[in-house]
1. In nm, what is the difference between 0.36 nm times the number of residues separating Asn257 and Gln55 and their Cα-Cα distance?
2. Tell me, in nm to one decimal, what length is gained between Val19 and Glu352 on full extension, where the rule is 0.36 nm per residue of separation less the Cα-Cα distance?
3. On alpha-carbon atoms, Rg over Rh for segment 162-360 using Kirkwood Rh?
4. For the pairs Lys171/Lys345; Lys97/Lys280; Lys76/Lys112; Lys67/Lys280; Lys67/Lys262, flag any whose C-alpha to C-alpha distance is greater than 29 Å.
5. Nearest 0.05, what FRET efficiency do Asp168 and Arg36 give at R0 = 30 Å with Cβ-Cβ as r?
6. Given a Förster radius of 45 Å and the C-beta distance between Asp102 and Glu339 as r, what FRET efficiency does 1/(1 + (r/R0)^6) yield to the nearest 0.05?
7. Compute the distance in nm between two label points, each set 7 Å from the Cα along the Cα-to-Cβ direction, one at Lys43 and one at Arg291.
8. Which order results if Ile128, Ile202 are arranged by neighbouring Cβ count within 10 Å, fewest first?
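Just so you know, all these numbers are worked out from the coordinates, no wet-lab data involved. Remember, it's a predicted structure, so these values are computed and weren't measured experimentally. Counting neighbours? That spans all protein chains shown, and the Cβs are built from the backbone with ideal geometry, glycine included.
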Amino acid sequence: MMIDFQFISINLGIGIALVVLVAGSTWLYWALKKRRFVKLKKKYFQQNGGSELRQQLSGQGSTERIKFFTSEELEKATKNYDESNIIGRGGFGTVYKGTLTDGRIVAIKKSKMVERIQGKGFINEVGILSQINHRHVIQLLGCCLETQVPLLVYEFINNGTLSDHIHDENKASAIMWETRLRIAIQTAEALYYLHCVASTPIVHRDVKSSNILLDEEYNAKMCDFGASRLVPLDQNQLSTAVQGTPGYLDPESLQTNRVTEKSDVYSFGVVLVELLTGKKALFFDRPKEQRILTIFFLFPLKDDSLFQVLEDCIVNNGNHKQILKVAQLAQRCLSINGEDRPTMKEVMLELEMIRMIGENAEQNPEENTYLLGESYAHYYLGGGESSIATHSMTGSFLLPVSDAR
């Protein structure tokens, strides 16, 4: 049998040519796909304001602190956004837990599909958080603008939100009064920093218990600055569409479409009431006229029946003197007229004074009588709990706050 080497050679050549053709076509396909992917990422980066943000951060000197992550880095960190890594959902979108290549655990905020103009809220949040450095404000690590919607990367706070704890019957009793007061003070410190210490004053515009994160030791961290706005130094208010969450919105701002630092004070007052009562800002398991927490709270306060609406674990284990003063402070924060509300500096100082009075009440009863006002003298010097209702509305702190903003 004769072997036709010429035929084999031809077939072999054709085979090799086919292999080369297939390999070349595959390489070309993937090269073109990668090129299109790179072009698409650049397109998204520009659409999401990447160049503008780089320039903004460069002007602030924040380029070293805020990292621009690639889409591949965050896909790897979240295992391609696997559902098992979801740690939060909301109207804004979804938050994922991720692990970076250097081992750091982070929280990655992925927005829902939104109109382009709404998507600017993410860029706004980057610009604002890049200017903030405070222990009770969430730390922004970076962002990714290479995807259809921008992604924000934060430090990971592992104990959920204040809302998660105080509105869950199984968790609420674990947060005793001293811890709640400390959380209130830390949140007030963060808002005072935003209003008065930041290089340009910042109005948060969405202060609520679900925007206060807690670490494993129940320390507070303010988060979600998507609705926040910088207030020009020559102004004290913003004319803008009112944003926020029902139940926390400043009624004066709703009427005037003007947002000021006092709008945050009102919302903080609602958070104080949540800490005192354990109830949500809006709840629907009560008669219609009592479904708004502020109304549910203020009427008993005026009628000297405050302790009937407070959370049981607070009444049973809390310092009643401190509770009364915090309730009165919340009442002032919730004043309909913004001018009648305290500033966050005054709020912070008063909360600190309440804590100090509680700590020193036994050791220095006469000093605390002076600080609280004569109306509390009977209670501090042995009047007992029966005196609380009678004297709850007249005492006031003597604080050095005349220089507060």
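1. Here the answer is 69.6 nm.
2. Computed gain between Val19 and Glu352 is 112.2 nm.
3. 0.94
4. Going by Cα-Cα distance, Lys171/Lys345; Lys67/Lys280; Lys67/Lys262 fall outside the 29 Å limit.
5. FRET efficiency, Asp168 to Arg36: 0.05.
6. Between Asp102 and Glu339 the formula returns 0.35.
7. Modelled inter-label distance: 4.6 nm.
8. Placing the least packed residue first, the sequence is Ile128, Ile202.
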